[in-house]
1. Please note which helices (runs of 4 or more DSSP H) are completely contained in the range A:72-168 and include at least 3 residues that are hydrophobic (A, V, I, L, M, F, W, C) and over 12 Å from the mean Cα position of the chain (by Cα).
2. I need a count of the residues in the range A:87-139 that are more than 14 Å from every other protein chain (Cβ to nearest Cβ) and either under 21 Å from B:Cys129 (Cβ atoms) or in contact with a Ser or Thr (Cβ under 8 Å, 6 or more places away or on another chain) (or both).
3. I need a count of the residues in the range A:60-73 that are within 12 Å of chain B (Cβ to nearest Cβ) and surrounded by fewer than 20 Cβ atoms within 10 Å (Cβ to Cβ).
4. Output the residue which, of all residues in the range A:182-216 that are touching a residue at least 40 places away in the same chain (Cβ under 8 Å) and of a type in the set (Val, Ile, Thr), is surrounded by the fewest Cβ atoms within 10 Å (Cβ to Cβ).
5. Any idea which of A:Cys144, A:Cys163 is away from every other protein chain (no Cβ under 13 Å), surrounded by 20 or more Cβ atoms within 10 Å (Cβ to Cβ) and within 28 Å of A:Met103 (Cα to Cα)?
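Bear in mind that the values in this text are calculations on the coordinates, not laboratory data. Here the structure is a predicted model, which means the values were calculated and not measured. Positions of Cβ are backbone-derived with ideal geometry, glycine not excepted, and every protein chain shown enters the neighbour counts.
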Protein chains: 2
Amino acid sequence: MHRIKVRVVEDVLDANNTIARANRQDFDRAGVRVVNLMSAPGAGKTALLERALADTGDVRVGVLEGDVEGSLDADRLTSLHIPVVQLNTANGFGGECHLDANMVRSSLAAIPLEEIDLLVIENVGNLVCPAEFRVGEDARAMVCSVAEGDDKPLKYPLMFRACELAVINKIDLLDHVDADLDKLLANLQTVHPGIEHLLTSARTGEGVDGFRDWLVSRVRSPATA
Amino acid sequence: MHRIKVRVVEDVLDANNTIARANRQDFDRAGVRVVNLMSAPGAGKTALLERALADTGDVRVGVLEGDVEGSLDADRLTSLHIPVVQLNTANGFGGECHLDANMVRSSLAAIPLEEIDLLVIENVGNLVCPAEFRVGEDARAMVCSVAEGDDKPLKYPLMFRACELAVINKIDLLDHVDADLDKLLANLQTVHPGIEHLLTSARTGEGVDGFRDWLVSRVRSPATA
């Protein structure tokens, strides 16, 4: 039974990758770079984007907001006056715990690709499944809050391995939680040696410039992944 | 395509419920009450259990630890000198983001049911899928850290609706985060009117007695769900 299950999962991922490549071709044709941004619930993805996307200079950014339901995060981003498209997995996608390439494909018509240079896809808050599904992105980044503890890379290694960048957020809480930053960074390097990381606090603004620079530099780097 | 997907999901959940009922019969036969404990990654389930299960009087407790991989949480609980069984979804279950009834069933032989009165099943850290899969439990509880923000009930309503108890944890951080406790509790009541809640800090110990009392009282209450 487990063998059959593994085969079904492999078929699903194969089909997903085919659609992801089609998304990628559409993004490339439009000259849009795409970042898939992932994290556990409440790690601070939206708060970071609120700060980081407030001034991206001449780089035009759009956001695709993935949530199971509702549009709370998209609403928070409206003050930025950038294109924001809401994608709910509860609408026709069974309330899935992650975005997949087909869901992103179904949203493409709503995203004004000709008006942006960079699309940030804010995935559903989940440290497991989003890491398994490519959606046509150029790069993957994840946010980990120090309030979640220093052991998360060891417990959810696939997510930390899948990403080019780990943003360690809520560092303003370091004096008030038991998580040890050195241990967190060591665990990160254990599961993904060489991974780039940034230290940020979306609350105080510390380190957000670095995240903005990383996002904006996607547009200037050659296509990867 | 979406219709087919919804049908497949329904079939999976039907099959799961059948196995969950079989688990429940085995638990009932052994006189063991079962709590399914869920949360986002890093909300503090294990830290709460470390404190709450240190002294449960004459109620004998065991823990089934669900993780994608590794045994970090189970290792933390060994000092309690109670039966702790590790279940990894990466071993033959495709690295699933939740426990299901079949996984729990496969662990039954390892759990000394005759030696315990209460089994706490610590689910995989995830606010979406664990809520969909019954595993044979009598009651469901979830932990929500105030560091995750006050909007989580609105963003992950199924989880908050599925549980009889919401434990609002890390209240020692309330002075250091933007989350508004009143708003969090109001959002909780919006998605699940009448749901019981507790305020706790696994770090300071505040409120943990209430969580212990709630767990222990499962053994004295008539079977539900």
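1. Those helices (runs of 4 or more DSSP H) span A:72-77, A:101-107.
2. 7
3. 4
4. It comes out as A:Val216.
5. Answer to the selection: A:Cys163.
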